[in-house]
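Before any comments, here is the structure.
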Amino acid sequence: MWVRIKNWLEIRIGLEDLIRAQLTEYRVPKNINITYTFGFVALTAFLIQVITGFFLLVYYIPYSETAFRSIQDLMNTVPYGWLFRQMHVVGSNLMMVMVLLHTLSVFFLGSYKKPRELTWILGTLMLLITVTFCVSGYLLPWSQLSYWATTIATTIPTAFPYVGDTISRFMKGSEQVSGITLNRFFAIHVMLLPLIISILIGLHIFLVRRIGISPPPFGKSAETERPRTEYRHESHPDGYPFFPDFVLKETIMVMVFCAVMFFFISFLPTFFLPEEANTPADPFKTPAHIKPEWYLLAPYQMLKIIPNKFLGISLQLIILLMFILWPFLDTIEEKNIFKRPRLRGLFFFSLILWIGFTIWGKYS
Amino acid sequence: MKRRKFLSLLLTILGFTAAGSFVYPLVRFLAPAEGKTKVKQISLKKAEILLGEAKEIALDSIPILIINRPGKGVIALSRVCSHLGCLVDYNKIQNNVICPCHGAIFDLEGNVVSGPPPKPLQRFPLKVEGESIVIG
């Protein structure tokens, strides 16, 4: 039976050639390390979000009067509803971790450099989309935490003169965060963002395959020997086969990811769902010491210490723009960060600053 | 003008018209609905707010704080913090108004004492008519 299906496909799409060209004879650099699997793990995390998100949609009612109740019912009465919701909540945070780790490792290995500028830009856009996913999904349970975190997020644009108020009202669809805001965020979360991120993922993977995997810069490579003046696919004939060698490495990392996810679900179920997440939204009571999610604590703290709101937000936007366009700002050909003390200093300084601001934001 | 250039110009104009005729309805579709412009008023009994106390009310869904200040009379301030929209609370012990989100402190006039808010709290018109307080 299986052979007959295989033959049927072979005649029509050339299955064996496809497997040979894309999997077994497609080779990855010999000195590739574990950080090269982060992208695949992030992709798997996204797929987990899609699947569990679909399950949640079966019971979730996106209406301000019923949203909180439907989530509570899902957690308490629907068989295994708690499992899929926890997988979605914990998975979203871990997906953020993986996307950040992937971005950091690409930066550290200098893989953003020519000819991979576009791949980097697409990756940073996906990082932003991931944050937007988290922010838009945050409102949906209609809890105190969701309501007030969204109030803050949708008020941020008011820092900009003339257009700020209009942008803020467009986001909310009303003067305050309301049922209209919930509907908008719901539509964005389940329809618009998945569409955008799917296109970006497709383009990102296409570029990785089209240009070829960037080898670690520690050691000699053909890339540094020959300056690039025209398109050339970077192959690694002496490398390991993508399948099964590298796929096995990726599978191990996916298993580690799942282990961490189920550790949180089993032993720290309230880690990402504090008390305010289980209290229904009250538009007339802001809870004390409301804090954004961990990945937004650094910008939150920065905003807190800069006295001028416009200056604070403009500064963050400039940093973000520099980050996206970094391949065009760093034009030095040397990819090895250990041979570039200033870049190394900047990398670690920024990383420590971000961690420092995050801890400060958490405990301030 | 050559026929080819004319056609490409026509196509561009048609393209922009088509895009515009889609964008305009989209913007109108997403724009928040215009709220009712009539200004509502709310009336309270003076005795409801003791001296040095405050009361939280909602006027047209806007959260408002009415404070009966010793020696300075009653004042109506918006509870929406001018920084990022969290709701401020009256602090009787320290005689000020505090935002729980970023720790901003306002005095009882609504002016910023410390913290990141760029402007004072919005003040609402208030009249004392006999034993009643009329806000709005």
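Okay, here's what the table says:
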| read-out | value |
| --- | --- |
| Amide H within-cut-off set for residue A:110, under 5 Å, with H built and near neighbours excluded | none |
| For chain A, diffusion coefficient by Stokes-Einstein and Kirkwood Rh (Cα), 4 °C, 1.567 mPa s, µm²/s | 57 µm²/s |
| Computed accessible area, residue A:282, all protein chains, 1.4 angstrom probe, square angstrom | 60 Å² |
| Euclidean distance between Cα centres, segment A:69-101 to segment A:265-306, Å | 16 Å |
| Phi-based couplings in Hz for segment A:39-45 (Karplus 6.51, -1.76, 1.60; Gly and Pro marked x) | x, 5, 5, 4, 5, 4, 4 |
| Accessible area expressed per residue, the protein assembly as shown, with surrounding protein chains retained (probe 1.4 Å, Å²) | 57 Å² |
| Rounded to whole Hz, the Karplus (6.51, -1.76, 1.60) HN-Hα couplings of segment B:85-94, x for glycine and proline | x, 6, 9, 7, 10, 7, 10, 5, 5, 8 |
| Complex-versus-alone comparison for segment B:84-122, residues with a loss of 10 Å² or more in accessible area, probe 1.4 Å | B:84, B:85, B:86, B:87, B:89, B:100, B:101, B:102, B:116, B:118 |
| Heavy-atom accessible area order for A:363, B:24, B:90, A:147, largest first, 1.4 Å probe | A:363, B:24, B:90, A:147 |
| Accessible area of chain B belonging to carbon and sulfur atoms, whole % at 1.4 Å probe | 61 percent |
| Interface area, A with B, accessible, probe 1.4 Å, both sides summed, Å² nearest 100 | 1900 Å² |
| Choice from B:66, B:93, B:105 with maximal GNM fluctuation in chain B (Cα, 10 Å cutoff) | B:93 |
| Anisotropy class of segment A:221-364 from Cα gyration tensor, a/c 1.5 cut | oblate |
| Cross-link partners of residue A:291 among aspartates and glutamates (Cα-Cα below 12 Å; sequence separation of 8 or more within a chain) | A:276 |
| Isotropically averaged projected area of segment A:109-246, using the convex hull of Cα atoms (one quarter of hull area), nm² | 12.5 nm² |
| Accessible area of residue A:68 in the full protein assembly, 1.4 Å probe (Å², nearest 10) | 30 Å² |
| Fraction of accessible area attributable to carbon and sulfur, segment A:58-119 (%, probe 1.4 Å) | 68 percent |
| Buried on assembly, segment A:128-149 (at least 10 Å² less accessible surface than by itself, 1.4 Å probe) | A:148 |
| Chain A, helix-only ellipticity at 222 nm - DSSP H runs n ≥ 4, -39,500 (n - 2.57), divided by all residues, nearest 500 | -20000 deg cm²/dmol |
| Summed residue charge, Cβ within 13 Å of residue A:364's Cβ, Lys/Arg positive, Asp/Glu negative | +3 |
| Inverse of mean 1/r across different Cα pairs in segment B:11-113, Kirkwood, Å | 16.9 Å |
| Probe 1.4 Å, all protein chains present, accessible-area order of B:11, A:139, largest first | B:11, A:139 |
| Where only alpha carbons of segment A:89-173 are counted, the Rg and the Dmax (Å) | 16.3, 47 |
| Rounded to the nearest 10 Å², the accessible area of residue A:82 at probe 1.4 Å | 110 Å² |
| Long-range HN-HN contacts of residue B:74 with modeled amide H, under 5 Å | B:69 |
| GluC sites (Glu not before Pro) restricted to DSSP loop in segment A:1-80 with at most 14 other C-beta within 10 Å | A:25, A:65 |
| Estimated dipole of segment B:15-136 in Debye, rounded to 20 [Cβ of Lys and Arg +1, of Asp and Glu -1, Cα centre] | 200 debye |
| For segment A:286-364, alpha-carbon Rg relative to the globular expectation (2.2 N^0.38 Å, N residues) | 1.33 |
| Ranked packing of B:44-57, A:247-260, most packed first, by mean Cβ within 10 Å | A:247-260, B:44-57 |
| Value of relative contact order over chain A, rounded to a whole percent, pairs C-alpha under 8 Å and six or more apart | 27 percent |
| Distance in nm between pseudo-label sites at residue B:96 and residue B:62 (7 Å out along the Cβ direction from Cα) | 2.5 nm |
| Normalised contact order of chain B, rounded percent, pairs of Cα under 8 Å and 6 or more residues apart | 19 percent |
| Segment A:57-188 - percent relative contact order, Cα under 8 Å, separation 6 or more | 25 percent |
| Residue A:352 versus residue B:5: modelled label distance in nm, points set 7 Å from Cα along the beta carbon direction | 6.3 nm |
| Protein-only accessible surface order, largest first, of B:4, A:69 at 1.4 Å | B:4, A:69 |
| Neighbouring partner chain Cβ atoms per residue of A:281-287, average, 10 Å criterion | 5 |
| Dipole in debye (nearest 20) - segment A:1-134, about Cα centre, beta carbon charges: Lys, Arg +1; Asp, Glu -1 | 380 debye |
| Inter-centroid distance (Cα atoms) of segment A:127-194 relative to segment B:102-120, Å | 25 Å |
| Distance between modelled label sites at residue A:8 and residue A:325, nm, 7 Å Cα→Cβ extension | 5.4 nm |
| Computed Kirkwood radius, in angstrom, where 1/r is averaged over Cα pairs of segment A:258-311 | 14.0 Å |
| ³J(HN,Hα), Karplus 6.51/-1.76/1.60, whole Hz, each residue of segment A:335-345, x for Gly, Pro | 8, 6, 5, 6, 9, 10, x, 5, 5, 4, x |
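The values are calculated or read from the model by the stated rules, or taken from the named source; none is laboratory data. What you see is a predicted model, and the numbers here were worked out from it, not measured in a lab. In this analysis, Cβ positions are derived from the backbone assuming ideal geometry, glycine residues included, and neighbour counts consider all displayed protein chains. SASA here: full protein model, heavy atoms, side chains in, ligands and nucleic acids out. Shrake-Rupley method; radii C 1.70, N 1.55, O 1.52, S 1.80 Å.
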